[in-house]
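Remarks on the structure that follows.
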Amino acid sequence: MLVEGKSSGVTKKCTSKSNMCNEGEHISIIPKTLSFNETKNKVHIMYAWQYAYREARRSNGEMADRCRFQRRVQLVEEVLKKYLTVDYRQTVFTERFKV
């Protein structure tokens, strides 16, 4: 905990829970508060039309998203394929439940 010594005015690190540091100085905990000035906050509204959204996504964006998603599905399929087989699932079931 960071504390400030009253006699020297220097911030020191004090590990004890009492109000005395190793040098015998009386210390006080300095609370810090955080506040925001609400008068300076402004909300800026962004206007956009559905037509612009559709046109922006229609060209290469949709194709790129489709290709990325398909590639991710293939990568996950390669990893999970052996765990989803009936033989593997039966082996795990018998090991865990000793059937």
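What follows is calculated from the coordinates using simple rules that are stated; it is not laboratory data. Please read all numbers here as calculations on a predicted model, not as lab measurements. Positions of Cβ are backbone-derived with ideal geometry, glycine not excepted, and every protein chain shown enters the neighbour counts.
Below, the figures for the structure above:
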item	result
Residue order, fewest to most surrounding Cβ atoms within 10 angstrom, among PHE69, PHE97	PHE97, PHE69
In sequence order, calculated HN-Hα J values of the stretch 80-93 (Karplus, 6.51, -1.76, 1.60; Hz; x Gly/Pro)	8, 4, 5, 7, 9, 6, 5, 4, 5, 5, 5, 4, 5, 4
Fewest-first sequence of TYR47, TYR83 by Cβ atoms within 10 Å of each Cβ	TYR47, TYR83
